[in-house]
């Protein structure tokens with residue numbers, strides 16, 4: 001999917017270029033195949049036949065603007081990030097925040113192995129408290145059965161890694177067995193669903209009761225990504241701005257109502273890049289919000305804290321993404337997006353998406369803490385109502401609404 005890697009993500013004045021000039025500049029930033037160049041030079045649409053294979057009851061296709069997140073440096077590598085989103089301030093915000101972070105060394109990201117969680121539920125288990133030790137005693141047998149259901153995954157070096165049983169309701173004998181599966185570079189939903197259905201009879205035989213649901217969880221707690229960035233006061237616009245951003249971040253830590261909108265600002269960037277690369281953004285959103293509330297109180301996914309020099313930004317969340325399977329082969333636009341992005345694994349992709357999220361979050365907090373979110377956001381928003389010749393190319397650091 002990714003060819004020889006020679007990427008430059010800095011392109012000053014890109015938003016002021018004509019479409020033809022932007023495409024020429026993109027070819028300078030990233031090497032593209034002829035097929036991707038042809039797709040990007042067209043209207044970005046799918047044929048009806050392609051759409052029919054991807055969905056159900058298809059009558060047409062529905063387009064979104066495909067923009068470029070520029071200036072990104074993650075783990076010392078340059079990235080041009082495709083972003084599919086209808087709100088111009090989201091792309092503009094990410095680009096500007098990435099430029100600030102770039103000046104201070106870029107983002108640092110690390111992602112766990114791609115371990116997804118499959119769940120097998122049982123009801124009416126006669127001795128529910130004995131279910132966990134019984135399954136632990138047969139752990140090797142259960143994991144072998146899991147691997148037998150996905151031989152091609154195992155042949156690539158991945159597969160079942162562990163299991164854990166929990167009693168959910170003693171009175172009704174409700175037990176769940178969580179199966180932890182390394183799915184490699186796939187998002188993994190179909191793989192873990194296949195495993196859950198295949199191994200459920202054996203689990204039922206071991207613990208008794210009736211087999212209930214057999215399905216993945218969209219809260220893959222063993223598949224997290226963490227990203228950080230450091231920014232100097234000078235880059236941010238002075239120590240007063242840095243202090244204001246840290247206070248705005250603290251507000252989200254103290255108030256769940258604010259934390260929801262804070263997290264929406266983070267997910268603006270994640271979702272836009274996830275949609276462009278054909279990811280299950282609905283599953284990403286569900287997992288992110290569940291993780292934010294996992295401790296019993298809804299919390300921010302990201303924080304910005306004051307340092308001696310400026311700010312330290314941090315974010316952590318479960319992020320199930322894939323570079324193979326799903327729409328990555330079926331959608332020409334997704335294939336073109338991956339050529340632009342030039343990632344080599346699902347873990348690398350997770351790190352880039354989380355970095356885009358942190359950039360979006362930083363931009364929104366900076367706008368909120370200084371001029372307010374509406375000034376720049378509405379300036380770009382009104383482009384939707386203006387004739388093309390009158391549309392402003394001004395850049396904003398907003399993006400949270």
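For the structure I just gave you, tell me whether residue 85 is surrounded by 14 or more Cβ atoms within 10 Å (Cβ to Cβ), within 24 Å of the chain's Cα centre (by Cα) and touching a residue at least 24 places away in the same chain (Cβ under 8 Å). Against the criterion (surrounded by 14 or more Cβ atoms within 10 Å (Cβ to Cβ), within 24 Å of the chain's Cα centre (by Cα) and touching a residue at least 24 places away in the same chain (Cβ under 8 Å)), residue 85 qualifies. Against the test of being part of a helix (DSSP H, G or I), modelled with pLDDT of 90 or more and either under 30 Å from residue 106 (Cα atoms) or touching a strand residue (DSSP E or B) at 6+ places or on another chain (Cβ under 9 Å) (or both), the options 68, 26 yield a single qualifying residue, 26.
Residue 152 meets the conditions (1) without any contact (Cβ under 8 Å) to a residue 12 or more places away in the chain; (2) over 21 Å from residue 347 (Cα atoms); (3) part of a helix (DSSP H, G or I) in every case but one. The failed one is (2).
In this structure, residue 322 does not qualify as assigned by TED's automatic domain parsing to the domain that holds residue 252, surrounded by 22 or more Cβ atoms within 10 Å (Cβ to Cβ) and not in a loop (DSSP other than H, G, I, E, B).
The criterion of being modelled with pLDDT of 90 or more and more than 20 Å from residue 10 (Cβ to Cβ) does not hold for residue 82. Residues being touching a residue at least 24 places away in the same chain (Cβ under 8 Å) and not in a helix (DSSP H, G or I) are entirely absent from region 248-255. Among residues of region 264-280 that are without any contact (Cβ under 8 Å) to a residue 24 or more places away in the chain, none has a Cβ under 9 angstrom from a residue that is buried (at least 24 other Cβ atoms within 10 Å of the Cβ) at a sequence gap of 6+ or on a separate chain.
The values are calculated or read from the model by the stated rules, or taken from the named source; none is laboratory data. Please read these numbers as outputs of a predicted model, since none were measured by experiment. Glycine gets a Cβ as well: all are built from the backbone with ideal geometry, and neighbour counts include every protein chain shown.
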